[in-house]
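Please read the structure below before turning to the comments.
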Amino acid sequence: MSGLGKLRVAVIGAGAAGLCAARHLLSRRDTFATPVVYELSKNIGGTWVYEERVGCYDNGLPIHSSMYRDLRTNIPKEVMSFPDFTFAKHLPSFVHHTEVRKYLEQYCDHFRLWDHIQFGTSVASVTPVDVKGGWNGLAWDVTSNDGEDHSKSTTERFDAVMVCNGHFYDPYIPAIPGLEKFKGRLMHSHDYRSAEPLAGKSVVLLGAGLSGLDIAMELSNVDAQVILSHGQRPLTCPLPPGVQQAPPVTSVLDDGTLEFKNGERAKPEVFLFCTGYNFTFPFLDKKVGVKVQEHLVWPLYKFIIPPAYPSLFIVGICRAICPFPHFHIQSQFVLSVLDGSFRLPSREEMEKDIELDIAARCGRGIATRHILKLDSEQWAYNDELAHLGGFKPLPRYWSNLYESNKVFRARDMLNYKTYNYTVLENMEWKVHDLHGLQLQKPLAVKKQM
C-alpha cells in the first residue's frame with residue numbers, strides 16, 4: 001500500500017483496455033493511488049495504431065500492430081464507444097481506424113491519463129510476493145526495462161496488477177500437414193497492410209472471421225482471385241466479385257498444391273492466414289499458474305481473476321465482443337473487488353465456479369477454443385459483473401443495436417458499413433441506409449431484447 005493506505009495498481013498496456021483501467025482508477029482517488037501504466041511503444045491506442053512497416057522496428061523489437069490501411073470499424077460507433085465518452089457526432093457510424101485512434105487520444109485528454117503512462121517501457125516480469133497486511137496477503141513486484149536499449153531495469157511494488165496487454169499481435173498459424181512445402185507466398189493477416197501488392201493474384205484466404213471477410217472484399221477490389229476457405233456454414237449473403245468459398249485446407253501436397261476437405265485442390269500464388277492470434281503473457285511468473293491451452297486462458301474466475309492470486313486481473317481476453325464497453329464493465333468490476341464492494345468467494349469456490357462454467361459451455365456444444373468467444377452471451381456476462389459489483393449496467397439499447405448490426409452484416413456484408421445509426425433520447429435507436437431510407441429492425445433481435 002502507498003503511504004496513505006491507498007491501493008497501488010499497475011496497468012500493463014496503454015491500449016483501449018489499459019486506458020479504461022487507468023480512467024476508472026483515477027476516478028477513485030479515495031481508494032486508489034495514481035496508477036502506473038506501462039506501455040511498450042511510444043503511443044497510446046495499442047492495436048489502433050497503424051504502422052506501415054511489418055516485422056521488426058529498427059531496434060529489433062517486433063511490430064505489434066495488425067491494423068491495415070483501409071480498415072473501418074465493423075461495429076457502429078454508437079455502441080463501440082465507452083459509455084461515458086461518445087465519438088464525435090458528425091462521424092459516420094462505421095469509422096476509419098484513424099478516427100478510433102483520435103478518439104482514444106481524446107479519451108486520454110478528457111480523463112487526464114497522459115501523465116500516468118510510462119512510454120517505451122517493457123514489462124519483464126510480474127511476480128507475486130507474500131506480504132503480511134497486504135491485500136489478501138499479497139503484493140506484486142513489477143520489473144520493467146526502459147530506455148532505447150531497454151537496459152535500465154526498475155522494480156516497483158504494487159498491491160494489484162491489471163494486465164491489459166492485448167491479444168492481436170502473436171499470429172496463430174494452424175498446423176497443416178505439409179505446410180512447409182507450399183511454394184508461393186505465405187502470410188498472416190498480421191502482416192497485411194493493403195490489397196495492392198496482391199493485385200491480380202490468386203489467393204487462398206483461410207478463415208472467414210471478420211478480418212478474413214474484410215480482406216477478401218479488399219482483394220476483390222484489386223481483381224485478385226480469392227478462394228475463401230473456412231469451416232463455418234457456407235455464407236449465404238452475396239460475395240464480392242472474384243471470391244468463391246471452399247471448405248478448410250487440410251494439407252499441402254509435395255508439389256505445393258493445397259488440398260481442401262472435400263478433396264478439391266488449388267495452387268494459389270498466395271496463401272493468406274486470417275486465423276487469429278495466440279494469447280501470450282511472457283512476463284507473468286510461472287507460479288501464478290495461468291495457462292493458455294487451445295486458445296483458452298485459465299483458470300480465471302469470470303474470465304478475469306486467477307483464484308490463487310486474486311489481486312491479478314487479466315482484462316479484455318474475451319473475443320467476439322463489443323470491446324470498449326466490455327473493458328468499461330470489467331474495469332469497474334475489478335475496482336469493486338479491490339475496494340471490497342464485491343467480496344470474492346474463497347479460492348475453492350472460485351475454482352468450482354470456473355469448472356462448472358466451462359462444463360456448462362462445453363455441454364452447450366462450445367469447443368474449448370471458443371469458450372472465450374462470448375458473442376451474444378456477452379450481454380448476460382456484462383450484466384452479471386455489473387450486478388455483482390453494484391455498478392450501472394450498460395443501457396438497454398446497447399445489446400439490441402449491436403445484435404441488429406450483426407444481422408445486417410450477415411445479410412449484406414458488402415454494404416452494411418454504409419448504414420448510419422441514431423440513438424434517440426428515449427434510449428431507442430433507428431438506422432438508415434446510404435440513401436437516407438429508414439430500415440426495419442431485425443425481428444429476431446426485437447424479440448430477443
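List of remarks:
- Some residue of the range 160-179 being free of Cβ contacts under 8 Å to residues at least 24 places away in the same chain and either open to solvent by less than 60 Å² (accessible area, probe 1.4 Å) or at positive phi (or both): no
- Contact map, the range 336-361: residues that are closer than 16 Å to V9 by Cβ paired with residues that are in a loop (DSSP other than H, G, I, E, B) and among the polar types (S, T, N, Q), Cβ distance under 8 Å, separation 6+ or inter-chain. Pairs shown: L338/T31; L338/S311; D339/T31.
- Selection status of L356, assigned to a helix (DSSP H, G or I), over 22 Å from the mean Cα position of the chain (by Cα) and aliphatic (A, V, I, L, M): yes
- When the helices (runs of 4 or more DSSP H) confined to the range 365-449 are screened for residues that are modelled with pLDDT of 95 or more and either surrounded by 14 or more Cβ atoms within 10 Å (Cβ to Cβ) or of a type in the set (V, I, T) (or both), those reaching at least 2 such residues are found at 378-389, 397-411.
- Contacts under 8 angstrom Cβ, first residue in the range 231-254 being of a type in the set (D, E), partner at pLDDT 95 or above, 6 or more apart: D254/G178; D254/K181
- Residue within the range 312-326 that is out of contact with any Leu (no Cβ under 7 Å at 6 or more places or on another chain), among the aromatic types (F, W, Y) and over 25 Å from P128 (Cα atoms) present: yes
- Flag for F333 being on the phi < 0 side of the Ramachandran plot, open to solvent by less than 50 Å² (accessible area, probe 1.4 Å), assigned to a loop (DSSP other than H, G, I, E, B) and touching a residue at least 40 places away in the same chain (Cβ under 8 Å): no
- Consider the range 304-330 and keep the residues that are closer than 15 Å to P345 by Cβ, part of a loop (DSSP other than H, G, I, E, B) and of a type in the set (A, V, I, L, M, F, W, C). The one that is least open to solvent (accessible area, probe 1.4 Å) is I304.
- Matching residues, the range 84-102, being within 21 Å of Q330 (Cβ to Cβ) and open to solvent by less than 50 Å² (accessible area, probe 1.4 Å): F85, F87, V100
- The residue of the range 115-145 that is farthest from R343 (Cα to Cα), among those that are open to solvent by 30 Å² or more (accessible area, probe 1.4 Å) and among the hydroxyl-bearing types (S, T, Y), is S125.
- Residues of the range 116-137 that are in a strand (DSSP E or B) and either of a type in the set (F, W, Y) or in contact with an Asp or Glu (Cβ under 7 Å, 6 or more places away or on another chain) (or both): I117, Q118, S125, V126, T127, P128, V129, G134, W135.
- Residue count, the range 277-293 (criterion: in a strand (DSSP E or B), out of contact with any Phe, Trp or Tyr (no Cβ under 8 Å at 6 or more places or on another chain) and farther than 24 Å from S211 by Cα): 1
The values are calculated or read from the model by the stated rules, or taken from the named source; none is laboratory data. Not measured: the values here are computed from a predicted model. With ideal geometry, Cβ positions are generated from the backbone for all residues, glycine too; neighbour counts draw on all protein chains shown. Please note that ligands, DNA and RNA were not included when accessible areas were found on the heavy atoms of the full protein model with its side chains. Shrake-Rupley method; radii C 1.70, N 1.55, O 1.52, S 1.80 Å.
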